[in-house]
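Have a look at the structure below before the remarks.
The values are calculated or read from the model by the stated rules, or taken from the named source; none is laboratory data. Just so we're clear, the structure is a prediction, and the values are computed from it rather than from any experiment. Virtual Cβ from ideal backbone geometry, glycine too; neighbours counted across all protein chains shown. Each accessible area value is taken on the protein alone, full model and side chains, heavy atoms only, with ligands, DNA and RNA left out. Shrake-Rupley method; radii C 1.70, N 1.55, O 1.52, S 1.80 Å.
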Amino acid sequence: MKETLLIKHAVGGRTFIDSSKHGVHYHIEQAADLWAFTVTVSPEHDLANLLAWKEELNVFLFQEHEDKPTVKIWFYVQEQSVSFQAKERKLAFKAKAMIEYIPHNYGYKL
């Protein structure tokens, strides 16, 4: 399985982090209905715009499988949970809810 993490401004807004393009490392821990994310970014990655819009972030995981359709998971970032540790280059935040769906199931027929 191939997994891609996207951190975006709002739903249809610009992408701040795309793990398939930006070479970031991330870790997710789940406890009940709360997901804790830690994302380590490279020194050349500018997070100023992301941090400026930290209260309006949406996070997605795309899980691509060889033998079944791609699964998309949309996480809702918890207010006031985004932090950045500059020295360690670690972005941390929590998600309070998520929706998992398979875009393949929502195709349009003409």
TODO: Please indicate, with yes or no, whether at least one residue in segment 13-30 is touching a residue at least 40 places away in the same chain (Cβ under 8 Å), open to solvent by 40 Å² or more (accessible area, probe 1.4 Å) and either not in a strand (DSSP E or B) or not small (Gly, Ala, Ser) (or both).
DONE: no
Task: Scan of segment 67-110 for residues that are free of Cβ contacts under 8 Å to residues at least 12 places away in the same chain and exposed (fewer than 11 other Cβ atoms within 10 Å of the Cβ), ordered by number - done: ASP67, ALA86, LYS87, TYR106, GLY107, TYR108, LYS109, LEU110
Open item on the list: Condition first: polar (S, T, N, Q) and within 17 Å of SER20 (Cα to Cα). Now tell me which residues in segment 59-82 satisfy that.
Closed with: GLN63, THR70
Open item on the list: Here is a check on your reading of the model: is GLU55 in contact with a strand residue (DSSP E or B) (Cβ under 6 Å, 6 or more places away or on another chain), open to solvent by 70 Å² or more (accessible area, probe 1.4 Å) and of a type outside the set (Ser, Thr, Tyr)?
Closed with: no
